[in-house]
1. Scanning the stretch 268-299 for residues that are surrounded by fewer than 16 Cβ atoms within 10 Å (Cβ to Cβ) and more than 24 Å from residue 209 (Cβ to Cβ), which turns out modelled with the lowest pLDDT?
2. Could you identify the single residue in 224, 201, 155 that is within 16 Å of the ligand (Cβ to nearest atom) and farther than 30 Å from residue 313 by Cα?
3. Which residue out of 41, 48 is more than 16 Å from the chain's Cα centre (by Cα), surrounded by 24 or more Cβ atoms within 10 Å (Cβ to Cβ) and outside any strand (DSSP E or B)?
4. Among the residues of the stretch 369-386, which ones are more than 16 Å from the ligand (Cβ to nearest atom) and either in a helix (DSSP H, G or I) or over 19 Å from residue 342 (Cα atoms) (or both)?
5. Please go through the stretch 399-437 and pick out each residue that is out of contact with any helix residue (DSSP H, G or I) (no Cβ under 8 Å at 6 or more places or on another chain), farther than 26 Å from residue 67 by Cα, modelled with pLDDT of 95 or more and assigned to a loop (DSSP other than H, G, I, E, B).
6. Counting only residues that are more than 20 Å from residue 244 (Cα to Cα) and in contact with a strand residue (DSSP E or B) (Cβ under 8 Å, 6 or more places away or on another chain), how many does the stretch 87-99 have?
7. Go over the candidates 231, 264, 235 one by one and state the one that is surrounded by fewer than 21 Cβ atoms within 10 Å (Cβ to Cβ), touching a residue at least 40 places away in the same chain (Cβ under 8 Å) and more than 16 Å from the ligand (Cβ to nearest atom).
8. Return the only residue of 400, 385 being without any contact (Cβ under 8 Å) to a residue 60 or more places away in the chain and crowded, with 24+ Cβ neighbours inside 10 Å.
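The values are calculated or read from the model by the stated rules, or taken from the named source; none is laboratory data. Computed from a prediction, not measured in an experiment: that's the story for all the values here. Cβ sites come from the backbone with ideal geometry, for glycine too, and all protein chains shown count toward neighbours.
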Ligand code: EPZ
């Protein structure tokens, strides 16, 4: 690459890094919004394509920077990846077991390539995923699962390596400090598909994204039962083949739009959602005085009068999702009264609190809980996004606030929300993307 080309790439990346959203608040959202495919389902499904040398086709893939990133990681392992019109075509004909240190280190979700590499090649080496702003996020449970299947784990020079002559099915308990682990369950499940014999995972994660992954693996010829329950059984097979699959809709994106409609006193229809994945969120919105109606696969959301304060505690699925905690907190800043939001999954997932305070919110942190004294009108201000869901909360607060809010570093949002500013504009929001000056 010439110096000029490198300069262009750096400049483009810098501009993307410097993008922000300008929101003029106070407009009730109205109209329809269609949910995209689920980020947290498509990432492990992309990794699962490493389990076979045959082509795989995945539909309803959201156009997100995390998806592009996972595509780069698969390419660095030797796979061919093509993405067009919401469809991914991946073929991992010949692959190597060592991932690119820098690429993997930059996206936590990429740890889920370990299971497929270990399953297929009997060895996997990746850079240790560091912590992130929401918590330490160790992978001890993933490694415990691999060891139970007979792998030897070594950690050196920033790399973690799992290797085994062969993998053998085993019974294992995968519960940890905060209960089950989503990507830990996914990783061990994928490795076990090509192990000798039967593996039984107890305290498995029950998230819909784990079920969607198991569906894809079974379409590839795996034998998995019990996905969606705390006990998953995997009967190992000799090899897996290519498959075609449509990813489930993103329940966290749906929850985010529902909460935005409630925060702006609007009325919207969310199309293409899976209401059966959203019970805990709908229950809390109902309790807060928001009308949530199912119409087939669509959800109708509208607020009836004043919001009511509700307490929320995040839990593994089917409890209230930690990925909707920040958005719900933004809503509770608008509701007169006290609400207590308790985060039980990640130890430091309150980065949005100080930024919401810039908009005039009154929130105090007490250990794992945030005490929200709501009801005071918010007013627009420049705020800084720190992580994906915190930035969604700042957008919601900005839509409800008087005046103009500038949300900086929106690259966090682009990791998990497809065209969020365009979708919100279609709902009547006064929002535009701009390069920070
Ligand atoms: C997945 O992360 C999601 N990411 C997260 O979404 C989501 O917040 C999380 O599940 C919980 O629902 C993807 O699917 C890509 P965990 P994951 O392992 O699997 C502890 C978003 O905003 N733990 O279920 O990494 C861990 O520290 C992202 O889209 C261990 O102690 O989360 C945490 O406290 C953010 N040891 C808890 O378990 C382990 O080996 C749950 O983490 C693994 C996890």
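1. It comes out as 295.
2. Values: 224 fails: within 16 Å of the ligand (Cβ to nearest atom); 201 fails: farther than 30 Å from residue 313 by Cα.
Selected residue: 155, the only one of 224, 201, 155 that is within 16 Å of the ligand (Cβ to nearest atom) and farther than 30 Å from residue 313 by Cα.
3. It is 48.
4. Matches in the stretch 369-386: 375, 376, 377, 378, 379, 380, 381, 382, 383, 384.
5. The answer is 401, 403, 428.
6. 3
7. Working: 231 fails: touching a residue at least 40 places away in the same chain (Cβ under 8 Å); 264 fails: surrounded by fewer than 21 Cβ atoms within 10 Å (Cβ to Cβ).
That would be 235, the only listed residue that is surrounded by fewer than 21 Cβ atoms within 10 Å (Cβ to Cβ), touching a residue at least 40 places away in the same chain (Cβ under 8 Å) and more than 16 Å from the ligand (Cβ to nearest atom).
8. Result of the check over 400, 385: 385.
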